[in-house]
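What follows is one structure encoded as structure tokens, with my remarks underneath.
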Amino acid sequence: MGVLQLLISGLANGCVYGLIALGFVLIYKATEAVNFAQGDFMMLGAFVTLGLVNPEYMGIPFWVALPFVFLIMGVLGYLLDLIVLRAVFGQSQVAVIILTIAIGFIIRFVVGVIWGHEPQSLQSPLALGDVRLGSLVLGLADVAVIIVTLLMTVALWQFFQRTKIGLAMQAASQNQMAAYYMGIPVKRVQGMVWALAGIVAAVAGILYASKGSIDPTAGFIGIKAFAAAVIGGFGSLPGALMGGLIVGLIEPFAARYLPPGYSQIAPYALLIAVLLFRPHGLFAQVRAKKV
Amino acid sequence: MTEKPLLQINNLETFYGPIMAIRGVSLEVHKGRVVTVLGANGAGKTTLLKTISGIMDPEKGEILFDGQPIQGLEPHKVVRAGIVHVPEGREVFPLLTVAENLSLGAYTRTDAAEIARDRDLVFSYFPILAERRAQEAGTLSGGQQQMLAIGRGLMLRPKIMLLDEPSLGLSPILTQEIFAILKRLNRDEGVTMMVVEQNAAVALDLADDGYVMELGRIVMSGTADKLAASDDIKSFYLGHSNEGARGERRWKRKKTWR
Ligand SMILES: Nc1ncnc2c1ncn2[C@@H]1O[C@H](COP(=O)(O)OP(=O)(O)OP(=O)(O)O)[C@@H](O)[C@H]1O
Ligand SMILES: [Mg+2]
């Protein structure tokens, strides 16, 4: 494979990591909780889409099903916050972490029961096959994944900059107390951030499933996405995406240029290096409060 | 004053766990007036404001706003009723711009044209905010952040503004400047205010009426002029005394309200 091919498939993987990492950071910034089920959310989003779209299940046309996927995943995210996470409000971080890990187990179990444990492929309009340009073989799905991620990033950016609720989400995550003072219903806004994280996870899941098959263990890439979020700087949305891209790129190049086996640990080696030398991450937004 | 008070608090009690921070406070704020609550560190001033704005729930007592009970309501409902709390230590949104901070002050409003008009009003009172409108609030100076916090509060077009130690951490000159602006806001825009302060001199100069709080209780009240003339206030809050030769023994003096 040429360098260009490595680059594109690495970037495409990185986009999926980046979107999952985005989900981590969204929730962390809004609620200071780390949702370790974010990878499983991604997997669930893929299976919900598959269940609606694939001919062996409901067979609804993809573009008709898409709004329902977003709705289902958004509502699930919102309810998870409302019913489960608010029940442990005020408990230690560890309680929240263990709870979200448990939720991840439950999602894997439920998906396995409903759709089985065999790898399946989503009938995605992005699964476009390969195109051959001379000696170069380009995965069109990879290119599509990169484009969709770009569009998603722009859409999110606009959402946070231009909409009232987007601004309120930023406000509530920067200074929760002051958000209350402004009359922002902080709890509801946090629920909406969970809903948004559910939708972002659905997009990530659809992209993941467009590049290959999916099975209930796919959510484990959430661990790499978590590393990506830390590398990027856990409090920064652009950082999360960049961290995802970096991890995505490191893997294929390490596989190509390092002795066998090293590519598996390369992202974590980078994680440790970042934690040692730039503990706030590569793209941290840190601003001390003035007195 | 026969008219009903805009804000009336009766026998309020607020706790932090077992600690009773507000011990039966009653006070009134009439429309168009400035009321100050003076008190030393730990007197319970911030707790009182937090209880009014719904951040904390009282154990006992009632808070009537425009005749309606509002105690125990969620903060966003209190804001919608027209009460804005400008918190101690500014509490701006550090990574958002000055303009975005101001627009969040109007979060509960929907009248875009009126909001724009009020932003111009805020800019006319605080020209520095207009100049820095695209700057991140976290990079403003402490005094500018205080101006932003007040301006952001005004953006609600509140019926009453609760200000928690607006002089905290400001130089005497800046304190004078901000209190002069508060005075103009009250006189020209008719903003009703409840100002919590340790700086009794500036607060009594601004206020029409005042209360003195100690250890969670109101220990003194009256018009600002009366309070400013009182010996206790002079020696314990205004920091100067008329004791002359007895000055070195001042630490022994008993406050008469105890
Ligand atoms: N979160 C808390 N938990 C327990 N006790 C608290 C808490 N916050 C305040 N207190 C106590 O309640 C009392 C009143 O505090 P409060 O902050 O209202 O005082 P204050 O008059 O605003 O003081 P300052 O002028 O220093 O701001 C104090 O004795 C304080 O120790
Ligand atoms: Mg205080």
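The values are calculated or read from the model by the stated rules, or taken from the named source; none is laboratory data. Predicted, not measured: the structure shown is a model, and the values here were computed from it. Heads up, the Cβs are rebuilt from the backbone with ideal geometry, glycines too, and the neighbour counts pull from every protein chain shown. Please note that ligands, DNA and RNA were not included when accessible areas were found on the heavy atoms of the full protein model with its side chains. Shrake-Rupley method; radii C 1.70, N 1.55, O 1.52, S 1.80 Å.
Annotations for the structure displayed:
- Residue-averaged [θ]222 nm for chain A, counting only DSSP H segments that reach four residues, each worth -39500 (n - 2.57): -23500 deg cm²/dmol
- For the stretch A:1-148, the residue among A:Gly51, A:Leu133, A:Phe41 whose Cα projects farthest onto the positive side of the dipole built from Cβ charges is A:Phe41.
- Choice from B:Ser53, B:Ser167, B:Ser103 with maximal GNM fluctuation in chain B (Cα, 10 Å cutoff): B:Ser103
- A dipole drawn for the protein assembly as shown from +1 and -1 charges on Cβ atoms has a positive end, and of A:Val203, A:Ser121, B:Val191 the residue lying farthest that way is B:Val191.
- Test item: Cα-centred dipole of the stretch A:12-220, Lys/Arg +1 and Asp/Glu -1 on Cβ, debye: 620 debye
- Listed residues B:Glu59, B:Glu214, B:Glu28, most fluctuating in chain B (Gaussian network, C-alpha, under 10 Å): B:Glu59
- Dipole magnitude of the stretch B:129-231, debye to nearest 20 (Cβ charges: Lys/Arg +1, Asp/Glu -1, about Cα centre): 400 debye
- Dmax and Rg, reported as Rg then Dmax, of the protein assembly as shown (C-alpha, Å): 28.8, 102
- Computed over chain B with a Gaussian network model linking Cα atoms closer than 10 Å, the most mobile of B:Ala180, B:Ala229, B:Ala203 is B:Ala229.
- Net charge dipole size for the stretch B:92-157 [Lys, Arg +1 and Asp, Glu -1 on Cβ; Debye, nearest 20]: 80 debye
- For A:Gly10, the shell of other residues with beta-carbons less than 15 Å away shows a net charge of +1, using +1 for Lys and Arg and -1 for Asp and Glu.
- Listed pairs A:Lys187/B:Lys4; A:Lys164/B:Lys4; B:Lys4/B:Lys77; A:Lys187/A:Lys211; A:Lys29/B:Lys159; B:Lys45/B:Lys226 exceeding 31 Å between Cα atoms: A:Lys187/B:Lys4; A:Lys164/B:Lys4; A:Lys187/A:Lys211; A:Lys29/B:Lys159
- For the residues A:Ser135, A:Ser124, A:Ser92, a 1.4 Å probe over the protein chains yields an accessible-area ranking, largest first, of A:Ser135, A:Ser92, A:Ser124.
- Antiparallel DSSP beta bridges within chain B, as percent of all bridges there, nearest 5: 55 percent
- Excluding same-chain neighbours fewer than eight residues apart, the aspartates and glutamates reachable from A:Lys224 by a Cα-Cα span under 12 Å are A:Glu251.
- Selection from B:Leu6, B:Gly82, B:Gln135 lying farthest towards where the dipole of chain B points positive, charges on Cβ: B:Leu6
- Each residue of the stretch B:78-85 was assigned a 3J(HN,Hα) from its phi angle through the Karplus expression (A = 6.51, B = -1.76, C = 1.60, θ = phi - 60°), giving 5, 4, 4, 6, x, 10, 10, 10 Hz with x at Gly and Pro.
- Inter-label distance, nm, simple model (7 Å from Cα along the C-beta direction), B:Arg184/A:Gln264: 7.0 nm
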